[in-house]
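The values are calculated or read from the model by the stated rules, or taken from the named source; none is laboratory data. As the structure is a prediction and not an experimental result, all values here were calculated from the model. A quick note on method: Cβ atoms are made from the backbone with ideal geometry, for glycine too, and the neighbour counts reach across all protein chains shown.
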Amino acid sequence: MSLNRPHSDIENGGVAPVRAIRGAFLDFVADPFFTHEADAVRYHQDGLLVINETGHIQAFGDYATIADRYGDIPTQLYRDRLIMPGFIDTHIHFPQIGMMAAYGEQLLEWLNKYTFPTERKFQDPDYARDMADKFLDELLRNGTTTALVFAAVFPQSVDAFFEAAQARNLRMIAGKVMMDRHAPDYLRDTAESAYTETKALIEKWHKKERLLYAVTPRFAVTSSPAQLQKAGQLLTEYPDVYLHTHLSENINEVAFVQDLFPECDGYLDTYDQAGLVKDKSIFAHGVQLTDQEFQRLSAAGAAIAFCPTSNLFLGSGLFKIEQAKARENPVKLGLGTDVGAGTSFSILQTANEAYKVAQLRQQKLSPFKALFLATLGGARALSLDHQLGSFDPGKEADFIVLHPQATPLMALRNPEPTAKTVAALADLTFSLVIMGDDRTVEATYIMGEKSWG
């Protein structure tokens, strides 16, 4: 099979030809938390990924097995690299890109001191567009191809984000923050205006090309019961949109919510009574969840975005991975960077911190489990596993090329950049989880087209 220039350079009247990628491939066919890891992993040391004209996966398998059917199509060869499905970030804040590394506070103080003044800037559409470009470029540079994203309270911030995502042909989910109390006047909407503005944004953007909408009350502290009811009304009127909010992140936050909602049986119940706990509901953090709340999330089919760099940075606590992934009452789980409380756009660095959280809880998070959460697990958390997260034919061809020897120290650690056995693959991928970052991502492909690298 011939090695051609990258297919993004090939012009065919605006329609990409059938083309292929050859190299070492890793993805998942089952959840390694519940399946023997060797059975959950799919690895081809010399594999072939065939992409059709629409940017979907046409065929995938061992090169020697399927090459005879595709030997004459343009092919990009990646030697000594590891190719994986694109990373999926299940919780991140687009307006907070400029305020990472804000010193010294825990959640509620951090919001008032740093976050709210920063988000005020997104009232300016030009500023929002500039930040959207920077934000999405940073995601792609770090190998993140899909994210569930908070915008700001201003509808123009949502427009700016979706316009930039549409220009890059990205599968993104986002929504306008709903926030009508316990915030500065310049960031507050009302229950009615949040409903009206969100409804208009859903009509404008949901399912437009690869874009999806999430109804986004910031959290129970900043949304009145009336506003949460309006959010529930939107989910009833548009049952295929998402719900994205925060839940049980910080001990003081949980206590504040209990004071604000004395009639509710815990934090999750503030959302449940408004009809917000559903199978397309994603709750960020969940550090302080009770056993009963884990059970309720499992029964509803809702998901948690585990954000370890943020939880450690703000001192929020150690998430109970083992309880979320228990055989009894399992909860869908993905990784979230939670920028800007999160300290890196890199899902690899996020997985690094997730491993340490598990260690501090006397648990083990294997590299395969961590990378499952970053790919197919994240897709399942977002109810997108029929479209994303693995190399199954028919799925959208969003994938990344990882360089196991990207730095001198990684080259020393990984003298053999590809693995011949599952055990060797586990060792190699663990080094990527612990030592990897944006430098490890050599290329990012969106619908089969190279978008970064």
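Every residue, every condition in (1) closer than 30 Å to K325 by Cβ; (2) modelled with pLDDT of 95 or more; (3) not acidic (D, E), yes or no:
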{"residue": "D27", "(1), (2), (3)": "yes, yes, no"}
{"residue": "A40", "(1), (2), (3)": "yes, yes, yes"}
{"residue": "G47", "(1), (2), (3)": "yes, yes, yes"}
{"residue": "I51", "(1), (2), (3)": "no, yes, yes"}
{"residue": "T54", "(1), (2), (3)": "no, yes, yes"}
{"residue": "F60", "(1), (2), (3)": "yes, yes, yes"}
{"residue": "Y63", "(1), (2), (3)": "no, yes, yes"}
{"residue": "T75", "(1), (2), (3)": "no, yes, yes"}
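Looking at (1) small (G, A, S); (2) more than 25 Å from G315 (Cβ to Cβ); (3) assigned by TED's automatic domain parsing to the domain that holds G301, find the lone condition where A374 falls short. A374 satisfies all of (1) small (G, A, S); (2) more than 25 Å from G315 (Cβ to Cβ); (3) assigned by TED's automatic domain parsing to the domain that holds G301 except (2).
Cβ separations smaller than 7 Å between residues 6+ apart or across chains give the following pairs from region 407-424 residues that are within 19 Å of H44 (Cβ to Cβ) to residues that are in a helix (DSSP H, G or I): N414/L428; N414/S431; A419/L425; A419/L428; V422/A38.
Conditions tested, residue by residue: (1) hydroxyl-bearing (S, T, Y); (2) farther than 29 Å from E203 by Cβ; (3) over 19 Å from the mean Cα position of the chain (by Cα).
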residue	(1), (2), (3)
E249	no, yes, no
V254	no, yes, yes
L260	no, yes, yes
T270	yes, no, yes
G301	no, no, no
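Here is the figure for region 223-271: residues that are of a type in the set (D, E) and in contact with a His (Cβ under 7 Å, 6 or more places away or on another chain) total 1. Being within 25 Å of Q156 (Cβ to Cβ), aliphatic (A, V, I, L, M), touching a residue at least 60 places away in the same chain (Cβ under 8 Å) and not in a loop (DSSP other than H, G, I, E, B) holds for only one residue in I202, I282, and it is I282.
Checking the stated criteria, S344 turns out not to satisfy the condition of being in contact with a Leu (Cβ under 7 Å, 6 or more places away or on another chain), assigned to a loop (DSSP other than H, G, I, E, B) and at negative phi. Taken over region 221-271, the residue count meeting the criterion of being of a type in the set (D, E, K, R), surrounded by 18 or more Cβ atoms within 10 Å (Cβ to Cβ) and closer than 23 Å to P184 by Cβ is 3.
Before we move on, is A226 under 30 Å from E203 (Cβ atoms), more than 24 Å from the chain's Cα centre (by Cα), not charged (D, E, K, R) and not in a helix (DSSP H, G or I)? Judged against the criteria, A226 is not a match.
Every condition in (1) touching a residue at least 24 places away in the same chain (Cβ under 8 Å); (2) over 25 Å from L107 (Cα atoms) is met by S346 except one, and the failing one is (2).
Beta carbons closer than 7 Å, at least 6 apart along the sequence or on distinct chains, pair a first residue in region 183-195 that is within 21 Å of A274 (Cα to Cα) and of a type in the set (F, W, Y) with a second that is outside any loop (DSSP other than H, G, I, E, B) and modelled with pLDDT of 95 or more for Y195/K230; Y195/Q233; Y195/L234.
Highlighted here are the helices (runs of 4 or more DSSP H) found entirely within region 349-453 that include at least 2 residues which are crowded, with 21+ Cβ neighbours inside 10 Å: 367-374, 376-381, 422-435.
With respect to the conditions (1) of a type outside the set (K, R); (2) more than 27 Å from T337 (Cα to Cα); (3) assigned to a strand (DSSP E or B), A214 lacks only one, and its number is (2). Looking across region 392-437, the residues that are in contact with a Lys or Arg (Cβ under 9 Å, 6 or more places away or on another chain) and either in the same structural domain as A147 (by TED's automatic domain parsing) or among the hydroxyl-bearing types (S, T, Y) (or both) come down to T407, T418, S431.
If the condition is being in contact (Cβ under 8 Å) with a residue 60 or more places away in the chain and within 21 Å of K364 (Cβ to Cβ), then region 306-335 contributes F306, C307, N311, G317, K325, R327, P330, G334, L335.
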